[in-house]
Amino acid sequence: MRINVLGVGFDNLTMAEAVAEGQRLLNTAGAHYVATPNPEIVEVCRESEEARAAVNGADLVLPDGIGVIKGAAMLGTPLKEKTPGIEFAGHLVEKMAEEGKSLYLLGAKPGVAEEAGERLRAKYPGLKIAGAHDGYFQEDAPVVEAIRQSGADCVFVCLGAPKQELWMAKNGEATGAHLLCGLGGSLDVFAGRVERAPEFWSRHGLEWFYRLCKEPSRIGRMMKLPLFLVHVKQEKGRRK
Ligand code: UDP
């Protein structure tokens, strides 16, 4: 059973369990998709029924950061641990390389997905990069067809939320891939264009603060974090 945090249902898994589940889905017939919401996305889901349906429709919903973990604990329904999308993706890629699976990279600015592919291939020998495409396209059909033609087992869909979740819900099946993962800005990190916060910050639940210092223009989006905590407090009051 999923843990409900303000209308978004999270799977209560450790990182190892989440990766094992991702691997299982990758080897299961049909198309499956993974969402990795943070508090900002939970807030978007509160405002948009369409976004909420796309996120909750995922086969695996993983808490991307400390905010969701705190929220779930405040509501009296704790989650085991945070399972950030980028870390989940790193572990999954390692398993895919061992199994000789192929990965398609979709999203980010032109050139970034290719660069990410080269770096991933160098880091995980055995990984097959089926193809790459930037995230600034107008029509879905040619991109879906390119993925289908590539024969990819897995697609990292990095278009930002909730665009990527809506995209996966709509197009997942037609790509022919077994697993699609919505991973926000991960391709920028895999390509080495954006740095993740050093471990000190993430260990202390301050990755969001580090990111804010690096990219002050995110302040508008990040104001959703205190709003999320206010809504969790209100929900806690209602559940009493
Ligand atoms: N992006 C994209 N197409 C779009 C909008 C965004 O490919 O139409 C990419 C953008 O270049 C970035 C990623 O999606 O690589 C979103 O990054 P963001 O930091 O917003 O995502 P988060 O990790 O916070 O969800």
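Values in this text are rule-based calculations from the coordinates and carry no lab data. All values derive from a computational prediction rather than experimental measurement. In this analysis, Cβ positions are derived from the backbone assuming ideal geometry, glycine residues included, and neighbour counts consider all displayed protein chains.
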TODO: Find, to one decimal place in angstroms, the Kirkwood hydrodynamic radius of segment 180-234, where the mean of 1/r is taken over every pair of different Cα atoms and then inverted.
DONE: 12.8
TODO: Grab the alpha carbons of the chain, take their convex hull, and tell me the volume per residue in Å³.
DONE: 120
Open item on the list: If I take every Cα pair under 8 Å that is 6 or more residues apart in the chain, average their sequence separation and divide by the length, what percent do I get for the relative contact order?
Closed with: 24
Task: Computed helical MRE - 222 nm, the chain, DSSP H runs ≥ 4 contributing -39500 (n - 2.57), nearest 500 - done: -15500 deg cm²/dmol
Open item on the list: Binning at 10 angstrom from zero up to the longest distance, how are the C-alpha pair distances of segment 107-201 distributed in percent?
Closed with: 16, 50, 29, 5, 0
Open item on the list: List the chymotrypsin sites (Phe, Trp or Tyr not before Pro) within segment 147-227 that DSSP assigns to loop and that have no more than 15 neighbouring Cβ atoms inside 10 Å.
Closed with: none
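Filter the GluC sites (Glu not before Pro) in segment 181-240 down to the DSSP loop ones having no more than 13 other Cβ atoms within 10 Å, then list what survives. Before the final figure, lay out each step's value.
Values: sites: Glu195, Glu199, Glu207, Glu235; in loops: Glu195.
Counting only loop positions with at most 13 other Cβ atoms within 10 Å, the GluC sites (Glu not before Pro) in segment 181-240 are Glu195.
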Open item on the list: Over the Cα atoms of segment 53-137, each weighted equally, I'd like the Debye log10 I(q)/I(0) at q = 0.22 Å⁻¹, rounded to two decimals.
Closed with: -1.06
Task: Kirkwood Rh, Cα atoms: Rg over Rh of segment 146-240 - done: 1.09
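Once the convex hull of the alpha carbons of segment 54-102 is built, what does its volume come to per residue, in cubic angstrom?
Details: hull volume 4.9 nm³, N = 49.
In segment 54-102, the Cα hull volume divided by residue count equals 101 Å³.
As an exercise, find the ratio Rg/Rh for segment 1-113 from alpha-carbon atoms, using the Kirkwood inverse-distance average for Rh. Walk me through the intermediate numbers first.
Values: Rg = 14.6 Å, Rh = 14.9 Å.
Computed over Cα atoms, the ratio is 0.98.
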TODO: Express in whole angstrom the spacing between the alpha-carbon centres of segment 161-212 and segment 90-113.
DONE: 12
Task: Linear extension gain, Glu81 paired with Phe200, 0.36 nm per residue minus alpha-carbon span - done: 41.1 nm
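What does the highest-first list of 140-149, 2-11 look like by mean Cβ count within 10 Å? Show your work: numbers first, answer last.
Details: 140-149: 15.1, 2-11: 19.6.
Averaged packing, sorted descending, gives the order 2-11, 140-149.
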